[in-house]
1. For the range 174-229, what are the residues that are aliphatic (A, V, I, L, M) and without any contact (Cβ under 8 Å) to a residue 12 or more places away in the chain?
2. Residues in the range 187-195: is at least one at pLDDT below 95, in a helix (DSSP H, G or I) and among the hydroxyl-bearing types (Ser, Thr, Tyr)?
3. Got a number for residues in the range 252-279 being under 13 Å from His223 (Cα atoms) and open to solvent by 10 Å² or more (accessible area, probe 1.4 Å)?
4. Report the residue count in the range 79-93 for those that are part of a helix (DSSP H, G or I) and in contact with a helix residue (DSSP H, G or I) (Cβ under 7 Å, 6 or more places away or on another chain).
5. Restricting to the range 131-149, count the residues that are of a type in the set (Asp, Glu) and open to solvent by less than 40 Å² (accessible area, probe 1.4 Å).
6. Inspect all residues belonging to the range 199-213 and state whether any of them is open to solvent by less than 40 Å² (accessible area, probe 1.4 Å), in contact with a helix residue (DSSP H, G or I) (Cβ under 6 Å, 6 or more places away or on another chain), modelled with pLDDT of 95 or more and in a strand (DSSP E or B).
7. Please specify each residue of the range 243-262 satisfying the condition of being in contact with a Lys or Arg (Cβ under 7 Å, 6 or more places away or on another chain) and under 16 Å from His106 (Cβ atoms).
8. So Arg43 passes all but one of these: (1) in contact with a Phe, Trp or Tyr (Cβ under 8 Å, 6 or more places away or on another chain); (2) at pLDDT 95 or above. Which condition number does it fail?
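The values are calculated or read from the model by the stated rules, or taken from the named source; none is laboratory data. Values in this document were obtained by computation on a predicted structure and should not be read as measured data. With ideal geometry, Cβ positions are generated from the backbone for all residues, glycine too; neighbour counts draw on all protein chains shown. When the accessible area is computed, the model is the full protein with side chains, heavy atoms only, and any ligands, DNA or RNA have been set aside. Shrake-Rupley method; radii C 1.70, N 1.55, O 1.52, S 1.80 Å.
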Amino acid sequence: MTGPHPMSRRALVAAGAAAVAAGATGLPAHAAPSTPDDDTLARPTLVLVHGAFADGSSWAPVVERLQRAGYTVRAVANPLRGLAADAAHVRAVLTSLTGPVVLAGHSYGGAVITEAAAGLAHVKALVYVAAFVPDAGEVLGELADRFPGSELQPALTAVPVTAPDGTPDADLYIRADRFRRVFAADVPAATARLLASVQRPLSASAFGAKATAAAWRTIPSWHLVAARDRAIAPALQRFQARRAHAHTVEIAGSHLPLRSHPDAVTALIRAAARAVTAH
């Protein structure tokens, strides 16, 4: 795929830094974007990929804010059937789009976008929200264990299933009695109960899969670290952001800032989008 010469990672991150500094960190609850951006340049399409135990509706508060600001948004249905299959699905969506794309991933969705975007010239920026960000050759389960602080593994329950190829597998769920503490500690209790009831399982094979590509090595990235996350250790999130040379903001939130801190998530995605449109 050919197109305009991409700007450098450093230039994109520098452009985004100024935008984020204006308000992505510590945004008050009432500071939701309410009007479109002033620029009239062609904006990127914003593609959002949810993580495990969720669906596209987990992005709803962020989608609402981005659409209010005038962006075209796609919240992709992540199959949650394993890293290779999920990345292939998201990549197919990406290749169907024309024009620049800002690609965001939450939680396990970060690993999916890392593989899906590799080599796609029209994906101009990556946004990671409390996410896994593996390097090529890393196994997701091993990456998760690299730093202490996660309470996810003991909170999981497995339902035996048969994979499409006929081999034994398991679907992983978060136990209902652990869901709020591990996944959504700063979300209202009633909302957390609802999310626990409708959660979608992740194939256990995903944690044993080896990443084959790392798009963040060639595409500029923005990272939101959730400092009170009990699903993906905050120390791991910070490590991943540092090695990606990403512009990083940190919030005092749980693993689900899409729901508890949608203004901060929205601001970070808009910062990446403005960096792309400014070129």
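1. Matches in the range 174-229: Ala189, Ala190, Leu194.
2. Here is the first cut: in the range 187-195, the ones at pLDDT below 95 are none.
The answer is no; no qualifying residue exists.
3. 2
4. Of the residues in the range 79-93, the ones part of a helix (DSSP H, G or I) are 83-93.
Checking which are in contact with a helix residue (DSSP H, G or I) (Cβ under 7 Å, 6 or more places away or on another chain) leaves us with 83, 86-87, 90-91.
Total satisfying the criteria: 5.
5. Step one: list which residues in the range 131-149 are of a type in the set (Asp, Glu), which gives 135, 138, 142, 145.
Next cut, open to solvent by less than 40 Å² (accessible area, probe 1.4 Å) only: 135, 138.
Here the count works out to 2.
6. There is no residue in the range 199-213 that is open to solvent by less than 40 Å² (accessible area, probe 1.4 Å), in contact with a helix residue (DSSP H, G or I) (Cβ under 6 Å, 6 or more places away or on another chain), modelled with pLDDT of 95 or more and in a strand (DSSP E or B).
7. Gly253, Ser254, His255, Pro262
8. The one condition Arg43 does not meet is (2).
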